[in-house]
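Q: I'd like to ask some things about the structure below.
The values are calculated or read from the model by the stated rules, or taken from the named source; none is laboratory data. Being a predicted model, the structure only gives us computed values, none of them experimental. Ideal geometry is used to build each Cβ from the backbone, glycine not excepted, and the neighbour counts take in all protein chains shown.
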Amino acid sequence: MDIFAHVLWANAGARGANAVADKKPEVSGKRKFHMHPGWTAFFGVAPDFFAFTIPFVVGIYQAIFLGAHFGRHHMEVFGFDLASYLYQWSHSLVIFTVVFILVWIFSKRPRWELLGWALHILIDIPSHSINFYPTPFLFPISDYRFPYGISWANTAYMIINYSALTLVWGGICLKKHFTRKVL
């Protein structure tokens, strides 16, 4: 999925989780659940930034100073497909789970905003075709990739995705508008 859509879905997911949590009674002595939508959106695009930023910067350096050029479907860095290598680490639910647990242990509480990363992976599984960056969500345990994904760049997929985002964000805006009117 494209980066803009990842931001919108992660942010909407955090807002939805907060709305559900706001309806539950507060447990005395415990801090109420809250996901920061901005941080959740950041972690919603972090897997792609991790996988593609370093190879892009190195590729630009190679193009400017070494006369190299970018390949059509990937960015080779000094003859090595660094983007594909980093992609498998940043798009793995196994790696996400390990990092989530470690962050929870070190910070002594769950950092729910990291769920933006998990949402990114879950969205990418069906929205990447087997021919172009299929999501290695079980790496390093398995090399399995979902073989029936539809490319997020497919026109019909984009129309459906952005129509759904329009409905979700329209609902968020309407709820915010009517909540202000009531108060």
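Q: Which residues, counting only those in segment 155-176, are surrounded by 12 or more Cβ atoms within 10 Å (Cβ to Cβ), of a type in the set (Gly, Ala, Ser) and within 20 Å of the chain's Cα centre (by Cα)?
A: Going through segment 155-176, the residues surrounded by 12 or more Cβ atoms within 10 Å (Cβ to Cβ) turn out to be 157-158, 160-162, 164-165, 168-169, 171-172, 175.
Okay, now just the ones that are also of a type in the set (Gly, Ala, Ser), so 164, 171.
Within segment 155-176, 164 is the sole residue that qualifies.
Q: Moving to a separate point now. Is there a residue in segment 137-151 that is more than 18 Å from residue 4 (Cα to Cα), basic (Lys, Arg) and buried (at least 16 other Cβ atoms within 10 Å of the Cβ)?
A: Yes: one or more hits.
Q: If you take the residues of segment 123-154 that are farther than 13 Å from residue 94 by Cα and among the β-branched types (Val, Ile, Thr), which of them is farthest from the chain's Cα centre (by Cα)? Don't jump to the end; show me each part of the working.
A: Initially, segment 123-154 is screened for residues farther than 13 Å from residue 94 by Cα, giving 123-134, 145-154.
If we keep only those that are among the β-branched types (Val, Ile, Thr) too, we end up with 123, 125, 130, 150.
Details: 123: 8, 125: 11, 130: 19, 150: 17 Å.
Of everything passing the filter in segment 123-154, 130 is farthest from the chain's Cα centre (by Cα).
Q: Let me ask something else. If you check residue 146 against the conditions, is it part of a loop (DSSP other than H, G, I, E, B), farther than 15 Å from residue 84 by Cβ and either of a type outside the set (A, V, I, L, M) or touching a strand residue (DSSP E or B) at 6+ places or on another chain (Cβ under 9 Å) (or both)?
A: Working: part of a loop (DSSP other than H, G, I, E, B): yes; farther than 15 Å from residue 84 by Cβ: yes; either of a type outside the set (A, V, I, L, M) or touching a strand residue (DSSP E or B) at 6+ places or on another chain (Cβ under 9 Å) (or both): yes.
Yes, satisfied.
Q: Would a scan of segment 122-133 turn up a residue that is surrounded by fewer than 17 Cβ atoms within 10 Å (Cβ to Cβ), in a loop (DSSP other than H, G, I, E, B), at pLDDT below 95 and in contact with a Ser or Thr (Cβ under 9 Å, 6 or more places away or on another chain)?
A: yes
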